[in-house]
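Notes to accompany the following structure.
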Amino acid sequence: MKSCKYKSPEELPVVLNVREVSDYIGLAMANTYELTKRADFPAFRIGKRVFIPRDQFLAWIDNQ
C-alpha cells in the first residue's frame, strides 16, 4: 500500500478525491468506493467522479 503524502489533516486539499481518502485512511480503493456509497459518508458526485469535502470527512472520522 502506498503511503499518504499528507502528514496532517491540515495538509489535505479542501476537496479530496477517492484516491486521497484511500491513501489517508489506509483502505483499498474498492473499499473506499464502497464507503462513499454509505448514506452517512460525506461524498458527492459530479458525473462519474466522486469528491469528499475535507472538513466533513474529518468530522465523519471523529464521529466513528
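Projected over every direction and averaged, the convex hull enclosing the alpha-carbon atoms of the chain yields 4.3 nm². Under a 5 Å amide H cut-off, with hydrogens placed 1.01 Å from N, V50 pairs with V18 among residues at least 5 apart or on other chains. With the charge dipole of the chain set up from +1 on Lys and Arg Cβ and -1 on Asp and Glu Cβ about the Cα centre, the Cα lying farthest toward the positive end among the listed residues P13, I61, A28 is that of A28. Couplings 3J(HN,Hα) of region 55-64, computed from phi: 4, 5, 5, 5, 5, 4, 4, 4, 7, 7 Hz, in residue order, whole Hz [Karplus 6.51 cos²θ - 1.76 cosθ + 1.60, θ = phi - 60°; x for Gly and Pro]. For the chain, the relative contact order comes to 33 percent (Cα pairs under 8 Å, sequence separation of at least 6).
Each reported figure results from applying straightforward, stated rules to the coordinates on display, with no laboratory input. This structure is a prediction, so every number in the text was calculated from the model and none was measured. Using ideal geometry, Cβ is built from the backbone for each residue, glycine included, and neighbour counts are taken over all protein chains shown.
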